[in-house]
Amino acid sequence: MLKGLWMQAVLNRVGYTPEISHGVLVEMAEHKKDLEKKTKPILDTLRSYQDLPPDKALAALAIEDKKRQYAAAEKYLEDVLQSALASSE
């Protein structure tokens, strides 16, 4: 009995309340995981918009740059494939 009172006094002194019990904390952690799972797609969409240039002219330049990068990657892939085919003959 005395030990139980002593433990209660220690818990009160360090600020323990039933709202921060292990079970409640586990429940809160599970709720946090659920919220993160639900908000991840929304945050991914938001991040994709945040990468956009602030005005139409810059957006057009960015699109042209991506088109050039795509064309260069396509050309590189074509060259690699032709080289591989040529070396196998």
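Can you give me the ranges of the helices (runs of 4 or more DSSP H) entirely in the chain with at least 3 residues that are of a type in the set (Asp, Glu)?
22-50, 56-88
Using the structure shown, decide if residue 45 is surrounded by 10 or more Cβ atoms within 10 Å (Cβ to Cβ), of a type in the set (Val, Ile, Thr), under 27 Å from the mean Cα position of the chain (by Cα) and more than 30 Å from residue 19 (Cβ to Cβ).
yes
Every number here is computed from the coordinates shown, using simple stated rules; none is lab data. Because the structure is a prediction, the values reported are computed rather than measured. A quick note on method: Cβ atoms are made from the backbone with ideal geometry, for glycine too, and the neighbour counts reach across all protein chains shown.
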